[in-house]
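Working notes, structure below.
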Amino acid sequence: VCDPAIGSGAFPMGILNEMVMLINVLHEASPDVVENTWQMTNWQPATVKKHIIQNSIYGVDIEKGAVDIARLRFWLSLIIDEEHPGALPSLDYKIVVGNSLVSKLGEDVIDIDWSLESEALELFNEDLKERKKDLLRQISLKQKQYYETTGDKHKLAAQIRNLKIDLLINQLELMINKQDMVAEPVPEYYRNKPKAKYKEDVNKYLQCQGWEKQINRLKRIKANPGESLDFFDWKLDFPEVLNELI
């Protein structure tokens, strides 16, 4: 379940309560099966809620304040069912700040073409494609670890940030290779060609130049550990459920 404009979290919170109610009905009908599935003794609503929040709830909002409120609501929903309330679950990669309509790095839109995997690309791009899959798997795994760990979350967050930067750079390089227009078109070359062809190649060249600029910016961000990656993309941030490549 993913809410693209989560606000205060009313919709996913309602879904969470609905799912807990349904699982409770199943528990009453077949307690042994449900307790074995959820690894609990007797009915433990907090345990069920934690599993659902970790594995089934996602949300995005452009306003940081809204994201903070939504995360707090999920924590409050847990402590009412716990005898000894624990710390706030790490929902940094489950309910996130971002623009759910366009993927922007600063003022620049980065429109990632994830479909390149199915394109008939040259052999020299195979390494880039395989690296993309590996990076996506690592991001998904480490974001799950972040939710579960009680260790150094700051170090793990830095690793996730760098993996996402590496993946964005990888994908932009793949997009540049596909266009194959790194040299500026020379008008004389198109003297006997349709004018539309020259205009098309100029647009491709300018697009590649824009992607090169974004790659350089991403490299500068990675080199500065104190600078955050303020970028959201559905298939990058929630790869385990939205990216068919893993």
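The values are calculated or read from the model by the stated rules, or taken from the named source; none is laboratory data. Everything quoted here is computed from the prediction, not taken from an experiment. We place every Cβ from the backbone using ideal geometry, glycine too, and count neighbours over all the protein chains shown. These accessible areas exclude ligands, DNA and RNA; they are computed on the full protein's heavy atoms, side chains included. Shrake-Rupley method; radii C 1.70, N 1.55, O 1.52, S 1.80 Å.
What the phi angles of the stretch 143-153 give under the Karplus curve with 6.51, -1.76 and 1.60, with θ = phi - 60°, is a coupling list of 5, 5, 4, 4, 5, 8, 6, 10, x, 7, 5 Hz, glycine and proline written as x.
For the stretch 133-175, the convex hull spanned by the alpha carbon atoms encloses 49 Å³ per residue. Estimated from helices alone, the mean residue ellipticity of the chain at 222 nm is -19000 deg cm²/dmol (sum of -39500 (n - 2.57) over DSSP H runs with n ≥ 4, per residue). Convex hull of alpha carbon positions in the chain: directionally averaged projected area 17.0 nm². Of all the options ASP108, ASP152, ASP180, the one that moves most in a Gaussian network model of the chain with Cα springs shorter than 10 angstrom is ASP152.
Which of rounded, prolate, oblate describes the stretch 25-120, given a ≥ b ≥ c as roots of the alpha-carbon gyration tensor eigenvalues and a/c under 1.5 marking rounded, otherwise prolate only if a/b is larger than b/c? Could you put the intermediate results ahead of the total?
On the way: a/c = 4.07, a/b = 1.74, b/c = 2.33.
Cα axes put the stretch 25-120 in the oblate bin.
As a calculated quantity, the FRET efficiency between ASN216 and ILE69 at R0 = 41 Å, using C-beta atoms, amounts to about 0.65. Which of the lysines could a cross-linker span from LYS50 if the Cα-Cα distance has to be under 25 Å and same-chain partners fewer than 8 positions apart are dropped? Cross-link targets: LYS64, LYS94, LYS142, LYS144, LYS153, LYS155, LYS235. Normalised by residue count, the stretch 15-77 yields a Cα convex hull volume of 74 Å³ per residue.
Remark on VAL96: its backbone amide H falls under 5 Å from those of GLY59, VAL60, ASP61, a criterion applied only to residues 5 or more positions apart or on other chains, H modelled at 1.01 Å from N.
Ligands, DNA and RNA left out, the 1.4 Å accessible surface of the stretch 93-246 is 50% carbon and sulfur atoms. Using the Karplus curve 6.51 cos²θ - 1.76 cosθ + 1.60 with θ = phi - 60°, work out ³J(HN,Hα) for each residue of the stretch 71-78 in order, rounded to whole Hz, and write x for Gly and Pro. Coupling constants for the stretch 71-78: 4, 4, 4, 5, 4, 5, 5, 7 Hz.
Taking Cα pairs under 8 Å and at least six residues apart, what relative contact order does the chain come out at, in percent?
Numbers: 248 pairs, mean separation 46.6, N = 246.
Relative contact order here is 19 percent.
Mind putting a number on the dipole of the chain about its Cα centre? Charges go on the C-beta only, +1 for Lys and Arg and -1 for Asp and Glu, and I need it in Debye to the nearest 20. Spell out each step's value before the answer.
Working: 31 positive and 39 negative charges, 161 e Å.
It works out to roughly 780 debye.
Couplings for the stretch 90-103, taken from phi via the Karplus curve 6.51 cos²θ - 1.76 cosθ + 1.60 with θ = phi - 60°, read 7, 9, 4, 10, 10, 10, 10, 7, x, 8, 7, 9, 9, 8 Hz in order; Gly and Pro are left as x.
Per residue, what volume in Å³ does the convex hull of the Cα atoms of the stretch 136-244 enclose? Before the final figure, lay out the partial values.
Working: hull volume 12.2 nm³, N = 109.
Measuring per residue, one finds 112 Å³ for the Cα hull of the stretch 136-244.
Leaving out ligands and nucleic acids, and using a 1.4 Å probe, what accessible area per residue does the chain come to in Å²? Could you put the intermediate results ahead of the total?
On the way: 14030 Å² over 246 residues.
On a per-residue basis, 57 Å².
Placing R0 at 51 angstrom, the Cβ-Cβ distance between GLN39 and ALA183 gives a FRET efficiency of 0.30 after rounding to 0.05.
Please work out how much length the chain gains when fully extended from ALA5 to ARG131, using 0.36 nm per residue of separation minus the C-alpha to C-alpha distance, in nm with one decimal.
Details: separation 126, 0.36 × 126 = 45.36 nm, distance 3.16 nm.
Gain on extension, ALA5 to ARG131, equals 42.2 nm.
In the complete set of protein chains, residue-level accessible area for VAL34 is approximately 10 Å², probe 1.4 angstrom. Only Lys, Arg, Asp and Glu carry charge here, each on its Cβ (+1 for the first two, -1 for the last two); on that basis the stretch 141-233 has a dipole of about 80 debye about its Cα centre. Note on ASN24 and LEU76: the model spin-label points, each 7 Å out from Cα along the C-beta direction, lie 1.9 nm apart.
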